[in-house]
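Below is one structure, written out as structure tokens, with a few remarks after it.
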Amino acid sequence: MPPALRGKSSIYKAMSQLASAHGAVDLAQGFSLLSVPGTSAILDHAALALREGSQNYTNPNGTASLRQALVDNSKRRFGVDLDPEEQVTVCAGAQDALGAAMLGLLEAGDEVVFIEPFYNPVIPMAKLTGATLRFVSLLQDDGSYRLDEESLLAEMSEKTKLIVYNSPNSPSGHVFTRTELESIARACKQYDAYLIADEVYEHLVYDDNKHVSALEIPELSERAVVISSISKSYLLTGWRVGWAQGARPLIAGIAKVHSLMSFCLPAFVSEGARFALEETPDSFLGDLRTIHQGKRDRICDGLSDIGIQVIRPRGTFFASIDIGDLGQGDDLAFCLSMPEKIGVAGVPMSLSWNQRRAGRNLVRLCFSRSDEDLDRAVSAFATWKRS
Ligand SMILES: Cc1ncc(COP(=O)(O)O)c(C=O)c1O
């Protein structure tokens with residue numbers, strides 16, 4: 001096995017396994033245990049499509065109707081005109097699209113800059129290509145994060161092929177601002193680099209924060225690809241429907257790798273995803289946001305009431321707690337002991353920085369869970385703190 005693939009399996013899975021071994025509340029894995037009104041109509045439609053639709057291979061780039069729904073959606077939301085033949089390709093979830101982007105766009109001699117904290121699975125895929133990985137951290141003060149343009153430029157050179165980031169950001173909860181995207185656009189232009197923007201949490205943004213898509217930045221129109229999926233927006237992580245949209249040469253590379261690996265998506269899930277994008281009422285995404293904002297406040301208020309320092313996220317469905325204040329020095333060791341010691345599972349955040357150079361005081365908790373689970377987690381922390 002190449003060195004990039006050696007090592008332990010997914011941290012998310014490992015933490016969930018520990019949760020179930022100890023009967024702990026699983027706030028580790030980034031999937032939802034909720035459903036939004038309107039979900040059953042999507043399921044019914046997909047079930048009908050399974051019975052009545054094609055059972056054969058579909059177009060590897062995605063069915064024509066799903067690609068059309070995706071470009072219509074981008075036109076409606078961001079005012080951009082994308083060509084459904086050459087500027088969109090469908091993948092088996094955002095993860096497939098991200099892996100395909102690394103394999104399809106990078107080669108030895110290239111450099112790629114990851115904005116930290118990053119989404120962990122992209123790193124080994126980038127390493128497999130032989131490219132050189134560079135990292136720039138979001139600066140953190142007082143529970144909020146920001147991107148510093150000078151620090152980004154310091155990691156770039158003529159060799160930089162790609163910048164990669166995810167916003168709304170997992171695990172930090174930061175929502176990149178238009179100003180930050182404009183900094184990234186300037187950096188791409190200066191070094192003639194491309195951009196991969198992972199926007200899977202695009203609809204999970206709270207208070208007066210607003211998701212800004214890389215598709216909205218005119219200077220990025222020839223340089224950026226946006227990757228997203230129905231996983232978090234429609235709480236359908238198991239369907240494996242994702243996509244990449246944007247600059248033609250990048251889409252071609254992603255589509256090529258996807259077609260060599262998973263080849264295509266089933267017709268019925270493609271039709272279910274099209275229905276979700278085109279035929280669910282606007283209230284669906286509004287409800288998704290309202291429900292999650294309520295969950296965010298429930299767990300953040302609950303934890304801060306018992307004296308735990310929490311970073312209240314601007315987006316995503318993850319909050320983070322500062323364990324430094326609790327006398328715990330290392331997030332990984334703490335997370336390994338949490339299910340047994342406290343009865344709650346979370347994810348160590350330092351693994352989202354290169355060589356764990358930051359985040360050792362932070363633990364990520366997923367709040368896309370029932371109120372009962374969230375309350376149980378808060379009382380478990382309270383009992384542990386008192387003991
Ligand atoms: C930031 C980020 N990007 C991508 C993914 C992968 O999403 P998908 O389920 O669409 O493959 C996840 C899943 O947790 C994620 O958190």
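Computed from the coordinates by the stated procedures, all read-outs in this text should not be read as laboratory data. As the structure is a prediction and not an experimental result, all values here were calculated from the model. Because the Cβ atoms are built from the backbone with ideal geometry, glycine has one as well, and the counts that use them run over all protein chains shown.
Summary table
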item	result
Computed E for PHE263/SER283 - FRET, C-beta separation, R0 41 angstrom, nearest 0.05	0.70
Descending Cα extents along the principal axes, region 263-365, whole Å	50, 37, 25
Between region 1-38 and region 110-144, the Cα center-to-center distance that results, in Å	21 Å
Whole-Å semi-axes of the ellipsoid equivalent to the chain (Cα gyration tensor, √5λ, descending)	32, 26, 20
Peptides ranked, highest mean first, by Cβ atoms within 10 Å: ranges 238-251, 290-303	238-251, 290-303
For peptides 70-76, 113-119, 212-218, sequence by mean Cβ density within 10 Å, most packed first	113-119, 212-218, 70-76
Förster radius 45 Å - calculated FRET efficiency between GLU149 and ARG51 (Cβ-Cβ, nearest 0.05)	0.25
Residues CYS188, CYS264, CYS366 arranged by fewest to most Cβ contacts within 10 Å	CYS264, CYS188, CYS366
Gain in span if fully extended, ASN73 to ALA252, counting 0.36 nm per residue against the direct Cα distance	62.4 nm
Candidate lysines for bridging to LYS295, where Cα separation is under 25 Å - those fewer than 8 sequence places away on the same chain excluded	LYS13, LYS210, LYS232, LYS341, LYS385
Ranked VAL80, VAL269, criterion: other C-beta atoms within 10 Å, fewest first	VAL80, VAL269
Computed over region 40-279: relative contact order in percent, which uses C-alpha pairs under 8 Å that are six or more apart	31 percent
Additional length obtainable on full extension of the chain from LEU336 to THR290, 0.36 nm per residue less Cα span	13.3 nm
For ILE163, ILE306, ILE42, order by how many other beta-carbon atoms lie within 10 Å, fewest first	ILE306, ILE42, ILE163
Estimated D of region 94-167 in µm² per second, where Rh is the Kirkwood radius over Cα pairs and Stokes-Einstein applies at 4 °C, 1.567 mPa s	101 µm²/s
